[in-house]
Amino acid sequence: MLKAYKYRIYPTDEQKVLLAKTFGCCRWFYNFALDLTNETYKATGKGLSRDEIINKLPQLKKEKEWLSEVPSQALQQVALDLSSAFLNFFEKRAKFPKFKKKGNKQSVRFPQGIKLDGDYLTLPKLKKVYCKVSRLPEGKLKSVTISMTSSGKYFASCLYDDGQDLPEQNSEGKAVGIDLGVKDFAITSDGSKYGNLNYYRKYEQKLAKKQKRLAKKQKGSNNRHKARKAVAKVHEKITRCREDFLHKLSRKLVDENQVIVVENLAVKNMVRNHKLAKSINDCGWGQFCTMLKYKAEWEGKTYIEVDRFFPISKTCNHCLYQVDSLTLDIRRWQCPKCETIHDRDVNAAKNIRDEGLRILAVGHIASASGERVRPSKGTAFVRHLSVKEESPVTPQG
């Protein structure tokens, strides 16, 4: 089983110069190979394989001597990355490969000549680089990816193979449905609600000040470079806070449950709503679901996604009666058939759990919680109680 451990590294000034050269050479070779592949396809109708791209390196090193100053393993890895990018495109997992830019995040991968020993990471030509090891990995070191953020920090992602296979999935145990929202980030089927901390909103004013200073700086000046790094640090702070929250919450839910069921949300389509786009992007729903999925796989637990078109909010989880309409401002409603008063989000989470168990059991003809699955339609609901009786809640999905 492959696991990656990310550490921060602190290269010396000489090592930073060599890393900068390595970033630049790998970026240049990637763009060269991508352009050559595109031109070859236009001329012959066929692209270039990974081996054909690697075979061009010796001649390129003779023409451009600065390519010999960086580790050859990193340049060879570029061909593999480009091949993987085209494979993802053809299998419709990603868009067509784009040319790399200097201003974006820089990274290189070393598949050989690497070693992590104590607090030092050994890399080709860089030799020993000080590494802040937070936890000791287990297994065999397969590759190391060195990355530099926009603020100038360096990180090493060490990929280890522990020699073990993924445990078999087991669905015997507690099941939980998770409804994702804006005001409350996650609502579980057992009634627990985890508030959204809104990290981008928290640092929005500070970010606006830094961006305003950046806009006033002259392009190409050192002061503009310093202002750009100040903006990047705020963005990194927001990202770290959000990831910390998502990691802790996903770990908690995976540890406490055997079956985790979520809704398959189309976030890309949801952000087209300009009134909620910023709040939705601030949540990080996609990243959270990804964390739930791989952590469940590591523990041998079951992760299920329910179709986004399943009427989770409009269906009574007791009698499966379905109302025709339920607008976002209705946070509590009463079923006209069994007269049960529902919290909109908790009811949705319970329906997600039941639909996941139905999918897990047999398929689309199975039953959820021992009852029939496809509800009858109807039209009835009650709106919010008075503000004195209920705490105010802002609309959410």
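Structure notes:
Rundown of residues vs (1) surrounded by fewer than 18 Cβ atoms within 10 Å (Cβ to Cβ); (2) out of contact with any Gly (no Cβ under 9 Å at 6 or more places or on another chain); (3) more than 25 Å from residue 140 (Cα to Cα), yes/no style:
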{"position": "7", "(1), (2), (3)": "no, yes, no"}
{"position": "10", "(1), (2), (3)": "yes, yes, no"}
{"position": "23", "(1), (2), (3)": "no, yes, yes"}
{"position": "32", "(1), (2), (3)": "yes, yes, yes"}
{"position": "103", "(1), (2), (3)": "yes, yes, yes"}
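- Complete set of residues in segment 242-254 that are touching a residue at least 12 places away in the same chain (Cβ under 8 Å) and surrounded by fewer than 18 Cβ atoms within 10 Å (Cβ to Cβ): 243, 245, 247, 249, 251
- Filter result for residue 284 (crowded, with 18+ Cβ neighbours inside 10 Å and either at positive phi or in contact with a Cys (Cβ under 6 Å, 6 or more places away or on another chain) (or both)): yes
- Test for residue 282: is it over 30 Å from residue 361 (Cα atoms) and not in a strand (DSSP E or B): yes
- Any hit, segment 68-77, residues being of a type in the set (D, E, K, R), assigned by TED's automatic domain parsing to the domain that holds residue 33 and not in a helix (DSSP H, G or I): no
- Tabulated pairs, segment 182-204, first over 18 Å from residue 277 (Cβ atoms), second of a type outside the set (Val, Ile, Thr) and surrounded by fewer than 16 Cβ atoms within 10 Å (Cβ to Cβ), C-beta under 6 angstrom, 6+ apart or interchain: 184/195
- Residues of segment 277-297 that turn out to be among the charged types (D, E, K, R) and without any contact (Cβ under 8 Å) to a residue 12 or more places away in the chain, as a count: 1
- Against the list (1) closer than 30 Å to residue 128 by Cβ; (2) touching a helix residue (DSSP H, G or I) at 6+ places or on another chain (Cβ under 7 Å); (3) acidic (Asp, Glu), the condition residue 179 fails is (1).
- Any hit, segment 239-261, residues being touching a Cys at 6+ places or on another chain (Cβ under 9 Å), over 17 Å from residue 150 (Cβ atoms) and assigned to a strand (DSSP E or B): no
- Check on residue 146, surrounded by 15 or more Cβ atoms within 10 Å (Cβ to Cβ), in contact with a Ser or Thr (Cβ under 7 Å, 6 or more places away or on another chain) and of a type in the set (Val, Ile, Thr): yes
- When the criteria are applied in full, residue 352 fails the requirement of being among the hydrophobic types (A, V, I, L, M, F, W, C), surrounded by fewer than 22 Cβ atoms within 10 Å (Cβ to Cβ) and assigned to a helix (DSSP H, G or I).
- 1 or more residues touching a strand residue (DSSP E or B) at 6+ places or on another chain (Cβ under 8 Å): qualifying helices (runs of 4 or more DSSP H) within segment 1-67: 13-44
- Answer from 295, 337, 275 - the residue that is over 22 Å from the mean Cα position of the chain (by Cα), surrounded by fewer than 22 Cβ atoms within 10 Å (Cβ to Cβ) and under 19 Å from residue 180 (Cβ atoms): 275
- Residue 46 vs. criteria of a type in the set (Lys, Arg), loosely packed, with under 13 Cβ neighbours inside 10 Å and more than 30 Å from the chain's Cα centre (by Cα): yes
- Test: residue in segment 114-136 that is loosely packed, with under 14 Cβ neighbours inside 10 Å, in contact with a Phe, Trp or Tyr (Cβ under 7 Å, 6 or more places away or on another chain) and not assigned by TED's automatic domain parsing to the domain that holds residue 78: no
- All positions within segment 81-112 that are assigned to a helix (DSSP H, G or I) and either of a type in the set (Phe, Trp, Tyr) or touching a Lys or Arg at 6+ places or on another chain (Cβ under 6 Å) (or both): 83, 86, 89, 90
- Number of the condition not met by residue 357 [criteria: (1) of a type outside the set (Phe, Trp, Tyr); (2) in contact with a strand residue (DSSP E or B) (Cβ under 9 Å, 6 or more places away or on another chain); (3) modelled with pLDDT under 85; (4) over 24 Å from residue 268 (Cα atoms)]: (3)
- Listed here are the strands (runs of 3 or more DSSP E) enclosed by segment 170-237 that have at least 1 residues being crowded, with 16+ Cβ neighbours inside 10 Å and of a type in the set (Phe, Trp, Tyr): 184-188, 193-195.
- Scanning segment 213-241 for residues that are more than 22 Å from the chain's Cα centre (by Cα) and in contact (Cβ under 8 Å) with a residue 60 or more places away in the chain yields 228, 229.
- Residue within segment 143-157 that is outside any loop (DSSP other than H, G, I, E, B), under 30 Å from residue 276 (Cβ atoms), at pLDDT 90 or above and not charged (D, E, K, R) present: no
The values are calculated or read from the model by the stated rules, or taken from the named source; none is laboratory data. Computed from a predicted structure; not experimentally measured. Please note: Cβ atoms are built from the backbone with ideal geometry, for glycine as well, and neighbour counts cover all protein chains shown.
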